[in-house]
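Encoded as structure tokens, the structure appears first; notes follow it.
Just so it is clear, none of the values below were taken in a lab; they were calculated from the coordinates. The model shown is predicted, which means the values in this text are computed figures rather than measured ones. Using ideal geometry, Cβ is built from the backbone for each residue, glycine included, and neighbour counts are taken over all protein chains shown.
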Amino acid sequence: MKYDVIVVGAGTGGALAAKTAAKLGLQTCLLERKKAEFVGDKVCGDAVEKKDFDALNIPLPRGEELENVIKASNLYSPDLTVCKSLSEKGSEGYIINRLAFGQRLLKEALDTGLEFQDEIMVLKPIFAQNAVVGVEAKDMKTGEKKEFEAKIVIDASGFHSPLRKAMQSPYIENEIDKSDIIVCYREILQVGGMDYDPHCIHIFLSQKRAPGGYLWFFPKSEDRVNLGIGVYADPKYKVKEYYQREVLPLAKEPIEIIHQGGGVVPVRRPLWSLVESGIMFVGDAACQVNPLHGGGIGSSMRAGIYAAETAANAIERGDWSIDGLWEYNKRYAHEQGASFAALDLLRIALQRFSDAELNFGLKNGLLSNQDIMDIASGKTVRPGLLDLIGRAIRGITMPELLLNLYFVNTQLNQMKNLYKAYPDRANFERWQYAVIKLYKKMKRLIKPKQI
């Protein structure tokens, strides 16, 4: 059977893409590698912001889906002497039960009447006339090879996507550089109590304790916590060793390990293009993850809906070539990609600051609470003249750090403006050159420090 849309992967982004496509009247098939009852089960920080639900008009987590309400994020300096509390109206969020939430999204997708097949492992795309026209897959229950044909494939299969790796396109990266990946490990623990506010998430910066990443303490209740770490994807950094030495001591009286696991997360700008002829990419497959903290639930929800709506428009026009789908690139870049690209530059800069510089900057107010809130939400920092003079005085013993911080801010503004003006395909190469130039300048002028 030939479909209008095949969605690969029934996770957050895939389920919403399939549901949206089906509700828009498209003949939709949703394929999932896991058994249906395990859809949603994923190693994750489990945090998502309320604003993502509000922006997409999605019902808030409820019942067993909701494990904790989060009122703020606390950011700690490497030496733990400074804690920046990041809270503002509309910044609240939730710790969710990923399995229960995933099951709700799957049920809502199935309620549209779409076709769903679980335990189907998608192997590669099917091409015809330089366009994707379907996927080749293996039925894991029978071992049988199957082919599924469609006008458009929406790939939400995750970071290791075999479809992305098989693309032969100047617009889509098959492989992601290891410098743009972190390796994560986390445990959900039953503990004897909390030394940290159970209604805040707690993030710890330190190049020594978490090289290239950070430590996290996300309370799921007053006696249960999601405790984890992300580090450079380099064999010399043993993520479990860092976890045991640096992260586990944050837990008070660990009683029981409820769940444990790890994985890799892309922490960089989204793919150059999220589309090619006949195919669109969503979520981790598209590197649509916040480069600072690795969160991807909200971004995948947005992308799944945007992709499905673009697919419906393209099919209505009768054009699902790369040009017919290009609008998804422009919409995502404007709505979220610009923020993530700017945060990617900030990630690169933070990885080049030493713990001593981070301690100094946070203690002396070179980065204020509002700055960090703006940065974390994808905004850029624009200090006034008097504020700039005041910070210069406070940072006089580290003038290079102050100069670097304001250089970084300038580059963030430029990157965000570039992505807000994501081009038509005819102007793509010139735009891409400007983006690459910004990255090279950042890496050249801010030298990496020894860990």
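A few comments on the model shown:
- Label reach from L66 (point 7 Å along Cα→C-beta): in region 98-116, amide nitrogens under 18 Å belong to 98-105.
- Sorted by Cβ density within 10 Å, fewest first, the residues Y232, Y433: Y433, Y232
- Other residues within the sphere of radius under 9 Å centred on the Cβ of L271, judged by their own Cβ, net out at +1 (K and R +1, D and E -1).
- Antiparallel content of DSSP bridges confined to the chain, in %, to 5: 75
- Per-residue ellipticity at 222 nm computed for the chain from its helices equals -10500 deg cm²/dmol, with DSSP H segments shorter than 4 residues left out and the rest contributing -39,500 (n - 2.57).
- Principal axes of region 178-266: Cα extent on each, largest first, Å: 37, 21, 21
- Projected onto their three principal axes, the Cα atoms of region 1-152 cover extents of 59, 34, 32 Å, largest first.
- Note on K443: lysines with a C-alpha under 20 Å away, same-chain residues under 8 apart excluded, are K178, K416.
- By the count of other C-beta atoms within 10 Å, a proxy for reagent exposure, M194, M415 are ordered fewest to most as M194, M415.
- Put the Cα centre of region 20-63 next to the Cα centre of region 297-371 and the gap is 19 Å.
- Pairwise Cα distances in region 288-347 exceed 14 Å for 57 percent of all pairs.
- Reachable lysines from K141, criterion Cα separation under 21 angstrom, eight or more residues apart if same chain: K34, K35, K124
- Kirkwood-Stokes translational diffusion coefficient of region 75-205, alpha-carbon pairs, 10 °C, 1.306 mPa s, µm²/s: 80
- In region 163-209, the trypsin sites (Lys or Arg not before Pro) that fall in loop regions by DSSP, at most 15 other Cβ within 10 Å: K208
- Residue order, fewest to most beta carbons within 10 Å, for E246, E222: E222, E246
- Here the scattering of region 214-337 is modelled by Debye summation over its C-alpha atoms, one equal scatterer each and no solvent; at q = 0.20 Å⁻¹ the log10 of I(q)/I(0) is -1.05.
- Kirkwood Rh, angstrom, the chain [1 / mean 1/r, Cα pairs]: 22.7
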